[in-house]
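*Asks:* Dropping a structure here in structure tokens format, bear with me for questions.
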Amino acid sequence: MFYVYMWLREDGTPYYVGKGSGRRAYRKHRVGKVPPMNRTVFYIAKDESEAFEIEVALIWYYGREDLGLGCILNLTDGGEGVSGSGRPLRWREAKRRSMLGNSLRKGIKHTPEICAQISASHKGKKFSAEHKAKISAASMGNKGGHIVHHVNKNRSSDKCKWCIESNSDAPKENNRL
């Protein structure tokens, strides 16, 4: 079931029009908190296309505030998108470009004071033999390690401890995907 909802200010003037299904009208949007039920108007539609038509008509009738034509805070004329599509394609493409090559904390640097605090908090830590064994077992064959760079590529390195020592305990194949 699709519907169009209109959120009203305390004085009764509308400030947002949206198309939804399920609980969409009761979720917070960029325009603010969800108003009380007595300040929400619903228009039931027979299908999604009719809901889009109602949305466009209401936004046109009350006018968009950003264009200086009325009181509605919507930033589009309505009628675009599909159910469950999430963000507009333009937004998704911009987000994709900004995330290319992204890794944890990309572009965010700690201040020297914070770096010193982190360093100080790690100094003097002692790990139990059991904990060291767990760390070692977890890192065996991890990406970026001996398996990926040397065994899988049939190369050895003078910096890799497994290649230098030819240790019999060295991982022989990559069991992780």
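*Asks:* Sort out which residues of region 104-138 are part of a loop (DSSP other than H, G, I, E, B) and either modelled with pLDDT under 80 or among the acidic types (Asp, Glu) (or both), and write them in order of number.
*Replies:* Those that are part of a loop (DSSP other than H, G, I, E, B) and either modelled with pLDDT under 80 or among the acidic types (Asp, Glu) (or both): 104, 105, 106, 107, 108, 109.
*Asks:* In this structure, is residue 35 under 14 Å from residue 73 (Cβ atoms) and touching a helix residue (DSSP H, G or I) at 6+ places or on another chain (Cβ under 7 Å)?
*Replies:* In short, no.
*Asks:* A follow-up question, please. Name the residues in region 51-78 that are in a loop (DSSP other than H, G, I, E, B) and touching a Gly at 6+ places or on another chain (Cβ under 9 Å), would you? Give the steps one after another, and end with the answer.
*Replies:* The first filter runs over region 51-78 and keeps only residues in a loop (DSSP other than H, G, I, E, B), leaving 63, 65-71, 73-78.
If the condition is that a residue be in a loop (DSSP other than H, G, I, E, B) and touching a Gly at 6+ places or on another chain (Cβ under 9 Å), then 63, 69, 70, 71, 73, 74, 78 are the ones that fit.
*Asks:* Can you find, within region 48-64, the residue that is surrounded by the fewest Cβ atoms within 10 Å (Cβ to Cβ) among those that are closer than 21 Å to residue 12 by Cα and touching a residue at least 24 places away in the same chain (Cβ under 8 Å)?
*Replies:* 62
*Asks:* Going by what's in this entry, would residue 148 be described as at pLDDT below 75, of a type in the set (Val, Ile, Thr) and assigned to a loop (DSSP other than H, G, I, E, B)?
*Replies:* Spelling it out, it is not the case that residue 148 is at pLDDT below 75, of a type in the set (Val, Ile, Thr) and assigned to a loop (DSSP other than H, G, I, E, B).
The values are calculated or read from the model by the stated rules, or taken from the named source; none is laboratory data. Because the structure is a prediction, the values reported are computed rather than measured. All Cβ positions, even for glycine, are placed from backbone atoms using ideal geometry, and neighbour counts span all protein chains on display.
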